[in-house]
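Student: One structure, as structure tokens, below. Some questions next.
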Amino acid sequence: MPKILSIEELLPLTDSLPLIDVRSPAEYELAHVPCAVNIPIFNNDERRDVGIKYKVGGKENAVLLGLDFVGPKMSDFVRQAKKIARNKRVMVHCWRGGMRSASMAWLFETAGLEVFVLKGGYKAYRKYIREQFSRPAKMVVLGGYTGSGKTDILQALKEQGEQFLNIEGLANHRGSAFGPLGQNPQPSNEQFENDLADAWRKFDFSKSIWVEDESRQLGKCGIPDPLFQQLRSAPLIKINIGKKLRINRLVKEYGGFEKEALRLKVDSIKKRLGGLAASAAIEALENGELATVADITLTYYDKAYDYGTSQRDPEAVFILDLEDDAPAGNAAIIKEFSNQKLLKIGTYLS
């Protein structure tokens, strides 16, 4: 008989055993456990037809139709499972731990595999991971004006042994109106939460977790409320880097994009920039004066960031002036600064 595991028991095993998601391709594509492999017992059309049959003809007729669909595919299911099994062991889940996972588990066991089934299925997984974002963390937030190179600094901190929750990397979005440029398509919001949770569970919660200061929404991906509340209440190290250095960075990062793509992004914040400033930015863009475009847009973004910072507890905001745009060197300076400032007030640090 397959062994039934709770989500708390199953998740740690995903680092060493394959997890098979037997839901339909459409369900899987919308969102899935990050490590899961899709071996759908029904394709999208079959799942729809079985559902209709269940409503119209009852469970027995639906089961018979399902068997008609599954029968010719059973040997292929086994071949796929054996190909990814480790030491002849696999884990299986469906939507709520019902007939689909039970049927596939029976088939795999009959073929000689040891099978573990997730109790409550993907639905239980989703409930569990959303609860985990309320777990208290020793979070330290790195903030600063647009163009300060915060993400690069945090990557350097990671290389120097710190823990970094890369929210923008998981969202495929840099957070501003220009955020999607050069990025891969964003995941669904549900998949974003799953990916966040996968990174979250792997942290050592006895040590600091660094994160970039973010708005709640990054494109179509929203930071879960419990995690966002922790981010907003955690100590913030706000770095100040000269505007000229920030302009130079933005020109390097965005200057390679087509003018039309940049113009559309400027248009999207026209009301916030103001009509005259937006027109000046677009004119500068047409003339190839990218530094001027960056200068104009930074006037808006700097004000917006100052407003966001003003909503924090001032005693939890620490200002650090940096002379150069040098991520590795700045990471070392920030790490030393955090040790001095945050320990001085009794704030947690690794």
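The values are calculated or read from the model by the stated rules, or taken from the named source; none is laboratory data. If you're wondering where the values come from, they're calculated on a predicted model, not measured in any experiment. Note that each Cβ is placed from the backbone with ideal geometry, even for glycine, and that neighbours are counted across all protein chains shown. Each accessible area value is taken on the protein alone, full model and side chains, heavy atoms only, with ligands, DNA and RNA left out. Shrake-Rupley method; radii C 1.70, N 1.55, O 1.52, S 1.80 Å.
Student: State all residues of the stretch 180-200 that are touching a Lys or Arg at 6+ places or on another chain (Cβ under 9 Å) and closer than 27 Å to Ile334 by Cα; if no residue qualifies, say none.
Tutor: Ala197, Trp200
Student: Do we have Tyr307 as buried (at least 18 other Cβ atoms within 10 Å of the Cβ), within 24 Å of Ile167 (Cα to Cα) and out of contact with any His (no Cβ under 6 Å at 6 or more places or on another chain) here?
Tutor: no
Student: Over 29 Å from Leu322 (Cα atoms), open to solvent by 60 Å² or more (accessible area, probe 1.4 Å) and assigned to a helix (DSSP H, G or I): is that true of Glu260 in this structure?
Tutor: Considered against the rule, which asks whether it is over 29 Å from Leu322 (Cα atoms), open to solvent by 60 Å² or more (accessible area, probe 1.4 Å) and assigned to a helix (DSSP H, G or I), Glu260 comes out as yes.
Student: May I ask you to verify whether Leu342 is under 23 Å from Lys158 (Cβ atoms), open to solvent by less than 30 Å² (accessible area, probe 1.4 Å) and modelled with pLDDT under 90?
Tutor: Taking the combined requirement at face value, the residue satisfies it.
Student: On to the next question. When you check Arg249 against the structure, is it among the basic types (Lys, Arg) and assigned to a helix (DSSP H, G or I), yes or no?
Tutor: Criteria met by Arg249.
Student: Condition first: of a type outside the set (Ser, Thr, Tyr), in contact (Cβ under 8 Å) with a residue 40 or more places away in the chain, part of a helix (DSSP H, G or I) and touching a helix residue (DSSP H, G or I) at 6+ places or on another chain (Cβ under 7 Å). Can you find one or more residues in the stretch 301-311 that meet it?
Tutor: no
Student: What number of residues within the stretch 1-50 are under 17 Å from Pro187 (Cα atoms) and surrounded by 20 or more Cβ atoms within 10 Å (Cβ to Cβ)?
Tutor: Qualifying residue count for the region: 3.
Student: Moving on to the next point. Quick one: which helices (runs of 4 or more DSSP H) lie wholly within the stretch 1-115 and hold at least 1 residues that are free of Cβ contacts under 8 Å to residues at least 60 places away in the same chain and closer than 25 Å to Asp198 by Cα? Full working, then the answer.
Tutor: Numbers: elements: 7-13, 25-30, 44-57, 59-70, 74-84, 99-110.
Of the helices (runs of 4 or more DSSP H) lying wholly inside the stretch 1-115, those with at least 1 residues that are free of Cβ contacts under 8 Å to residues at least 60 places away in the same chain and closer than 25 Å to Asp198 by Cα span 7-13, 25-30, 74-84.
Student: When the stretch 172-226 is examined, which residues are found to be open to solvent by 20 Å² or more (accessible area, probe 1.4 Å) and in a helix (DSSP H, G or I)?
Tutor: Asn189, Glu190, Asp195, Asp198, Ala199, Arg201, Asp225, Pro226, listed by residue number.
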